[in-house]
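A.B. asks: What follows is a single structure, and I will ask about it in a moment.
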Amino acid sequence: MPRALKVFRTTMGFRDAYVAAASKAAALRAWGTEKDLFARGAAEEVTDPELMRDALGTPGEVVYRTRGGLEEQVAALGKLPSRKKKSAPPRARATKAQAAAAKPLRPRPSRAALDAAEAAMAALRSEQDQAEAELVKRERALAAERKAMAQRFTKDSDALQRKLDDARAAYQAALKEWEP
C-alpha cells in the first residue's frame with residue numbers, strides 16, 4: 001500500500017517551494033539537494049490546506065509560490081545588511097598598504113545593473129505566478145460550469161426520452177388499432 005503524501009516547504013529566494021512527497025528524503029530529492037534542510041530548520045511540513053492544495057495536485061513536482069508583492073521584495077533588497085570587512089592582522093595590513101601603493105586604486109564595479117535585472121526577474125516571476133493562479137481559477141470555474149451543464153442536459157434528456165418512449169408506445173398502439 002503506498003504511503004500517504006505529505007506536503008513540505010522550503011524557501012528559495014523570494015519564493016517558497018512546495019512538494020507533495022511520501023517522506024522528507026523524497027522532498028529533498030525533488031528539491032535537488034542532498035543536505036538535510038529539515039535538520040537546519042530551512043524546511044518544514046505544511047498542514048495548511050490552502051498551501052497544500054497545489055502541491056497535492058501534482059505529487060512529486062515542485063510548486064513555487066511567490067512570497068509578498070513586488071514592492072515588498074524590492075524593499076527587502078534595500079534592507080540587506082551591509083558587509084563589513086573584518087580587520088586583518090597587522091602584518092596583512094602592511095602588505096595590503098604596500099600593494100595599494102603599487103597598484104592604482106580602481107573603483108568597485110557597480111551592482112546597479114545586476115540588482116535591476118534581479119528585481120525585474122523577480123517581478124516577472126511574480127506576474128507569471130499571478131497569471132497562472134488566475135488561469136487555474138478560471139479553469140476550475142469552467143469545469144464547474146461544464147459539470148452543471150452536463151447534469152442539466154442529462155436530466156432534460158432523461159425526461160425527453162421518457163416522453164419519446166411514451167409517444168412511440170402510444171403511436172404503436174394506435175397504429176395496431178387502426179390496421180384492418
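A.B. asks: Among the residues of the stretch 32-61, what is the count of those that are assigned to a loop (DSSP other than H, G, I, E, B) and out of contact with any Ser or Thr (no Cβ under 9 Å at 6 or more places or on another chain)?
C.D. replies: Within the stretch 32-61, residues that are assigned to a loop (DSSP other than H, G, I, E, B) and out of contact with any Ser or Thr (no Cβ under 9 Å at 6 or more places or on another chain) number 11.
A.B. asks: Given the residues Glu177, Glu139, which is the only one that is under 30 Å from Val63 (Cα atoms), acidic (Asp, Glu) and in a helix (DSSP H, G or I)?
C.D. replies: Glu139
A.B. asks: Testing Ala26 on (1) of a type in the set (A, V, I, L, M, F, W, C); (2) part of a helix (DSSP H, G or I); (3) under 27 Å from Ala131 (Cβ atoms), one condition comes back false. Which one is that?
C.D. replies: Single failed check for Ala26: (3).
A.B. asks: Turning to a different aspect of this structure: Within the stretch 26-41, work out how many residues are surrounded by fewer than 13 Cβ atoms within 10 Å (Cβ to Cβ) and over 15 Å from Val62 (Cβ atoms).
C.D. replies: Looking only at that region, the number is 6.
A.B. asks: Can you tell me which of Pro59, Pro49 is surrounded by 12 or more Cβ atoms within 10 Å (Cβ to Cβ) and out of contact with any His (no Cβ under 7 Å at 6 or more places or on another chain)?
C.D. replies: Selected residue: Pro59, the only one of Pro59, Pro49 that is surrounded by 12 or more Cβ atoms within 10 Å (Cβ to Cβ) and out of contact with any His (no Cβ under 7 Å at 6 or more places or on another chain).
Every number here is computed from the coordinates shown, using simple stated rules; none is lab data. Predicted model only: the values in this text are computed from it and were never measured. Glycine also receives a Cβ, built like all others from the backbone with ideal geometry; neighbour counts cover every protein chain displayed.
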